[in-house]
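What follows is a set of notes on a single structure, which appears directly below.
The values are calculated or read from the model by the stated rules, or taken from the named source; none is laboratory data. Keep in mind that this is a model prediction, so the values were computed, not measured. Cβ atoms come from the backbone with ideal geometry, glycine included; neighbour counts cover every protein chain shown. Surface accessibility is based on the protein's heavy atoms, side chains included, excluding ligands, DNA and RNA. Shrake-Rupley method; radii C 1.70, N 1.55, O 1.52, S 1.80 Å.
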Amino acid sequence: GAGVSQSPSNKVTEKGKDVELRCDPISGHTALYWYRQSLGQGLEFLIYFQGNSAPDKSGLPSDRFSAERTGGSVSTLTIQRTQQEDSAVYLCASTDRRGYTFGSGTRLTVV
Amino acid sequence: QKEVEQNSGPLSVPEGAIASLNCTYSDRGSQSFFWYRQYSGKSPELIMFIYSNGDKEDGRFTAQLNKASQYVSLLIRDSQPSDSATYLCALMGSGGYQKVTFGIGTKLQVIP
């Protein structure tokens, strides 16, 4: 596609439920990233995928968070047993080394 | 020390003035530097990237990089109210690794 596509755009979930966030990067971009942005905060790195290499998971805040990237394209970020502090905008980006192109994000609200 | 430091602002400038946004970084091996603009409620969008010391101009925007002093800046000439946004400084580190680290962003307010 022409840009990075994320779905859903908004998600409201009850505390304790699992959620899945999807990212479809720009075709041909081998690198894919997930970031989190809480209200009034900067971008917090979560995880990075590059080609067939092992992902860099160093930013995942807890073992409730996991991500996978199938076929080197679409990625899914899964949050298990959601907590209120997980509420944030989750941004996906892909890059061609000239800077990231971000998706429009998923606004997650845990109630 | 944070990897990328920015003053969170807000920085207020009158319409038509030059807005100067500054950023310092700690990793001397950083290779590539970026400025992103983020409107409230929207995703960041890339507006400038710079690799070499000196100035890079694109329309009303000029990015300046000084690797010896480890700072990068963004100048916006003839500031417009539509420039009001948060400006994120970002860098790509050394070693070919493509992870980009972001600063917290500086909120710019252009006053009509």
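For every residue, the table says whether it meets (1) open to solvent by 30 Å² or more (accessible area, probe 1.4 Å); (2) in contact with a His (Cβ under 6 Å, 6 or more places away or on another chain); (3) closer than 16 Å to residue A:48 by Cα.
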{"residue": "A:82", "(1), (2), (3)": "no, no, no"}
{"residue": "A:88", "(1), (2), (3)": "no, no, no"}
{"residue": "A:101", "(1), (2), (3)": "yes, no, yes"}
{"residue": "A:109", "(1), (2), (3)": "yes, no, no"}
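Taking first residues from segment A:12-24 that are of a type in the set (A, V, I, L, M) and partners that are open to solvent by 10 Å² or more (accessible area, probe 1.4 Å) and in a loop (DSSP other than H, G, I, E, B), the Cβ contacts under 9 Å between residues at least 6 apart in sequence or on separate chains come to A:12/A:111; A:19/A:80; A:21/A:8.
Scanning segment A:60-107 for residues that are under 25 Å from residue B:34 (Cα atoms), in a strand (DSSP E or B) and more than 14 Å from chain B (Cβ to nearest Cβ) turns up just one, A:75.
For residue B:62, indicate whether it is of a type outside the set (A, V, I, L, M), in a strand (DSSP E or B), without any contact (Cβ under 8 Å) to a residue 60 or more places away in the chain and open to solvent by 50 Å² or more (accessible area, probe 1.4 Å). Here the answer is no, as residue B:62 does not meet what is asked. Restricting attention to segment A:57-74, does a residue exist that is open to solvent by less than 70 Å² (accessible area, probe 1.4 Å) and under 17 Å from residue B:92 (Cβ atoms)? Within segment A:57-74, one or more residues are open to solvent by less than 70 Å² (accessible area, probe 1.4 Å) and under 17 Å from residue B:92 (Cβ atoms).
Considering segment B:34-45, and only residues there that are crowded, with 18+ Cβ neighbours inside 10 Å and not aromatic (Phe, Trp, Tyr), the residue that is nearest to residue A:89 (Cα to Cα) turns out to be B:43.
The test for being modelled with pLDDT of 95 or more and within 14 Å of another protein chain (Cβ to nearest Cβ) does not hold for residue A:48.
How about segment A:4-27: which of its residues are closer than 20 Å to residue A:68 by Cα, in a loop (DSSP other than H, G, I, E, B) and not basic (Lys, Arg)? Residues satisfying the conditions are A:4, A:8, A:9, A:18, A:25, A:26, A:27. Among the residues making up segment B:28-53, none is under 21 Å from residue B:107 (Cβ atoms), in contact with a Gly (Cβ under 6 Å, 6 or more places away or on another chain) and more than 9 Å from chain A (Cβ to nearest Cβ). For segment B:88-98, does any single residue satisfy the condition of being farther than 25 Å from residue B:28 by Cα and open to solvent by 30 Å² or more (accessible area, probe 1.4 Å)? Checking segment B:88-98: not a single residue is farther than 25 Å from residue B:28 by Cα and open to solvent by 30 Å² or more (accessible area, probe 1.4 Å).
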